Amino acid sequence: MTTWLITGTSSGFGRSLTELLLERGDTVAATLRRPDALADLQSRHGTRLWVRTLDVTDTPALRRVVDEAFAELGTVDVAVSNAGYGLFGAAEELDDAEILRQLDTNVVASIQLARALVPHLRGQGGGRILQLSSLGGQVGFPGLSVYHASKWAIEGFFEAFGPEVAPFGIQTMLVEPGMSRTEFAGSSARIGAPHTRYDGGVLRVDSVAREAMPGDPRKMARAMIAAAERDQLPARLSLGSDAYTMIREALQTRLARLEEQRDLAFSTDADDYRPPPAA
Ligand SMILES: NC(=O)c1ccc[n+]([C@@H]2O[C@H](COP(=O)([O-])OP(=O)(O)OC[C@H]3O[C@@H](n4cnc5c(N)ncnc54)[C@H](OP(=O)(O)O)[C@@H]3O)[C@@H](O)[C@H]2O)c1
């Protein structure tokens, strides 16, 4: 039996992960802004569901909740940094406060959670951190620019943070789902701009029909759990046919564009530069 800590468990992936883990007998430290959303699971699973109210953008509270989870549950084997949402709107038209809120939630809170976990995971000899990124952490759709900025930012953080904490037995994995049938494009979506000048040119949240989204949140949560239990976590886990297809195409295009620039890139080295010997 393992112990998990998951943020943003009121709906979507967080809720599906919590349900599946409790059903199979694990213990879950679930954090959320609306604790009543887990009342049904609490009455069914008792003390195996440990719940704390947490807005992840409140850093002192986030640190307190992480400390309490380790103190009260003994160990946390896997932490899932899941809380997040999408801000829809053309960049020019977005509200300043909405931009900061998006970055605070999806980037700063995820970084602060990772930082709060490290001393505890190192102290217990290791552990695992899953970070919800997105298909949107590898590609960009007009109309979601600040959301993409947040997911590309957290990808960059984990690219460096993963190897930093690996010597402590801490493994990390970025999860990259495609469009999925959660509340992401429903009640959780923030519409940050009126689209007065950009109609037609940007992705509108109401243009994405639920049936057109491939991702089944429960199947994806099951895949996250299975991947989290591999001996060696993959650095990235792409979920959904759209994620696989679009990420593959984006990477191929970027590699082809990079290759075209090889000679130009090398031509700008200093005349006396000698590359270090290959390891
Ligand atoms: N669904 C997709 O298409 C998709 C695709 C790729 C990646 N993702 C990522 O998956 C993660 C989970 O989203 P989801 O798709 O499961 O959507 P969801 O059903 O809307 O769930 C999002 C969860 O995050 C919580 N949350 C948002 N801001 C928070 C805050 N400041 N403090 C604490 N909790 C907060 C929400 O809580 P409240 O109920 O209190 O708002 C909710 O529990 C997000 O990081 C999202 O970017 C989603």
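The values are calculated or read from the model by the stated rules, or taken from the named source; none is laboratory data. Because the structure is predicted, anything quoted here is derived from the model rather than measured. Cβ placement follows ideal geometry from the backbone for every residue including glycine, while neighbour counts extend to all protein chains displayed. The area values use the complete protein model at the heavy-atom level, side chains included, leaving out ligands, DNA and RNA. Shrake-Rupley method; radii C 1.70, N 1.55, O 1.52, S 1.80 Å.
Net charge dipole, the chain: roughly 800 debye, given to the nearest 20, about the Cα centre with Cβ charges of +1 for Lys and Arg and -1 for Asp and Glu. Shape index of the stretch 86-169: Rg/Rh, with Rg the Cα radius of gyration and Rh the Kirkwood radius from the inverse mean 1/r over Cα pairs, equals 1.07. Taking Lys and Arg as +1 and Asp and Glu as -1, the other residues whose beta-carbon sits under 13 Å from that of Gly127 total 0. What the chain shows is 50 Å² of accessible area per residue, with the surface traced by a 1.4 Å probe over protein heavy atoms. No solvent, one uniform scatterer per C-alpha: report log10 I(q)/I(0) for the chain via the Debye equation at q = 0.07, 0.08, 0.10 1/Å, two decimals. For the chain, the Cα-only Debye profile gives -0.28, -0.37, -0.56. All Cα-Cα distances of the stretch 29-70, cut into 10 Å bins from zero to the largest, leave 30, 51, 19, 0 percent in each bin in turn. A straight chain from Asp36 to Phe141 at 0.36 nm per residue would run longer than the Cα-Cα distance by 34.3 nm. With all protein chains in place and a 1.4 Å probe, the accessible surface of the stretch 164-279 carries 53 percent carbon and sulfur. Taking all protein chains together, Lys151, Lys219 sort by accessible area into Lys219, Lys151, largest first [probe 1.4 Å].
Starting from the Cα-Cα distance between Ser241 and Val208, subtract it from 0.36 nm times their residue separation and give me the gain in nm to one decimal.
10.3 nm
Of the GluC sites (Glu not before Pro) in the stretch 186-279, the ones in a loop by DSSP (not H, G, I, E or B) with at most 12 other beta carbons within 10 Å are Glu229.
Over the chain, DSSP H runs of length four or greater, each weighted -39,500 (n - 2.57), average out per residue to a 222 nm ellipticity of -13000 deg cm²/dmol. Shown is the FRET efficiency for Ala166 and Glu23, computed with R0 = 25 Å from the Cβ-Cβ distance and rounded to the nearest 0.05: 0.20.
Taking each residue as 0.36 nm, the span from Ala250 to Glu229 lengthens on full extension beyond its C-alpha to C-alpha distance by 4.7 nm.
To the nearest 10, the accessible area of Asp272 is 130 Å² with a 1.4 Å probe. Counting charges near Asp67 (Lys, Arg +1; Asp, Glu -1) among other residues having Cβ under 15 Å from its Cβ returns a value of +2.
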